[in-house]
Amino acid sequence: MPSKPIALISFQEQDNLGVGYIASLLLQNKYSVRIIDFRVGKEKVLEELRKVDPLLVGFSLIFQYHLYDFAELIEYLRVCGVKAHFCIGGHYPSLRRDEVLQVIPGIDSIALFEGEHTFLELARSIHEGREWREIRGLAYRRNGSMVVNPLRALEEDLDNLPPPVRNPTRQSILGKKIATIIAGRGCLYNCSFCSIRQFYSSPPGRVKRIRRPEMVAREIELLHKEMDCSIFMFQDDDFPVAKKSGREWATRFCSELRNRGLHDRILWKISCRCDEIEPSLFRMMKDSGLWLVYL
């Protein structure tokens, strides 16, 4: 096991599933991980980093309006003497990598698009003292210019990833604890106002991938039993209810919830398109705990 841990700094109002999946893969590979909510303030972040002296620091930039907050934080950490490799990832750095490298000169690299395996390989390279600049899925500066390495293929089977690391939940609705979860990643639509399709179609691999319904139900069951979570917020951009394949998936998922006795103990929220709604399917989903639909 590496003697130095890896620090992940992110917005943690709800479980940050991107960071959670990266952390779980690192833990599976014998790295220790410290997740820090960037909202604690730059002085507290510095204090936490000085405690652990990390091998590598990852920053998760979810929202573009946090770009300059992260720039200020990273500049502060560098001025205060933090020498670790800084890698940033997320939708905005992946799609606007040139801007991010210009605005945040203290960043060493960007993990592009889905970052689990890229970040793990980066951690191994730094730990072993190997050259990291040839790693697939990274962008970085060289002599003042941006270099973008060949992109890493998307994870074909999302159930190959270990369940995401989660912080003890503090959020609740109506006194019930909340957990975020995914049934899949990607979206087959290409709406003019949305960047989701560009994010998932840029790397090689299938744009939309869905987990097995029994694995999703099992994760819900464990979160309900072990963390007392009763409300589940699906983070899918387009929950699998469209066409025959989506209806079959949703039917199997609801059956799994009923078989586990969860249908009357939990509530869940999804996002989908209004033209995907099929009344009889959604009645069945409602009877299995569906509580809120964002259209």
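The values are calculated or read from the model by the stated rules, or taken from the named source; none is laboratory data. Not measured: the values here are computed from a predicted model. Cβ placement follows ideal geometry from the backbone for every residue including glycine, while neighbour counts extend to all protein chains displayed.
The residues on offer are V45, V52, and the sole one that is in contact with a strand residue (DSSP E or B) (Cβ under 7 Å, 6 or more places away or on another chain), among the β-branched types (V, I, T), assigned by TED's automatic domain parsing to the domain that holds T118 and crowded, with 19+ Cβ neighbours inside 10 Å is V45.
To keep it simple, each residue is scored yes or no on (1) more than 24 Å from I173 (Cβ to Cβ); (2) in contact with a Cys (Cβ under 7 Å, 6 or more places away or on another chain).
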position: Q235; (1), (2): no, no
position: V241; (1), (2): no, yes
position: A250; (1), (2): no, no
position: D264; (1), (2): no, no
position: P279; (1), (2): yes, no
position: F282; (1), (2): no, no
position: M285; (1), (2): no, yes
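So is Q235 within 28 Å of Y92 (Cβ to Cβ), out of contact with any Phe, Trp or Tyr (no Cβ under 9 Å at 6 or more places or on another chain), buried (at least 17 other Cβ atoms within 10 Å of the Cβ) and not acidic (D, E) or not? So Q235 fits the description; yes.
If you go through the range 248-279 and pick out every residue that is among the small types (G, A, S) and either loosely packed, with under 14 Cβ neighbours inside 10 Å or over 26 Å from the mean Cα position of the chain (by Cα) (or both), you end up with 2. Criterion applied to S271, S245 was being out of contact with any His (no Cβ under 8 Å at 6 or more places or on another chain), among the polar types (S, T, N, Q) and either over 23 Å from S195 (Cα atoms) or at pLDDT below 95 (or both), and the one residue passing it is S245. The set of residues from the range 228-247 being over 13 Å from A183 (Cβ atoms) and either outside the structural domain of V207 (by TED's automatic domain parsing) or assigned to a helix (DSSP H, G or I) (or both) comprises K243, K244, R247.
For the range 62-77, does any single residue satisfy the condition of being under 18 Å from V165 (Cβ atoms) and surrounded by fewer than 23 Cβ atoms within 10 Å (Cβ to Cβ)?
So in the range 62-77, the residues under 18 Å from V165 (Cβ atoms) come out as 62.
Filter once more, keeping what is surrounded by fewer than 23 Cβ atoms within 10 Å (Cβ to Cβ): 62.
Yes, the range 62-77 contains a residue that is under 18 Å from V165 (Cβ atoms) and surrounded by fewer than 23 Cβ atoms within 10 Å (Cβ to Cβ).
Identification of strands (runs of 3 or more DSSP E) wholly contained in the range 87-155 with 1 or more residues that are buried (at least 21 other Cβ atoms within 10 Å of the Cβ) and in contact (Cβ under 8 Å) with a residue 12 or more places away in the chain yields 109-111, 138-142. Looking at the range 25-42 only, could you name the residues that are of a type outside the set (D, E, K, R) and surrounded by fewer than 18 Cβ atoms within 10 Å (Cβ to Cβ)? L27, Q28, N29, S32, V40, G41, listed by residue number. Per the conditions (1) over 21 Å from the mean Cα position of the chain (by Cα); (2) not hydroxyl-bearing (S, T, Y); (3) not in a helix (DSSP H, G or I), the sole criterion not satisfied by F282 is (3). Residues in the range 213-237 that are among the aliphatic types (A, V, I, L, M) and in contact with a Lys or Arg (Cβ under 9 Å, 6 or more places away or on another chain): A217, I220, L223, M227, I231, M233.
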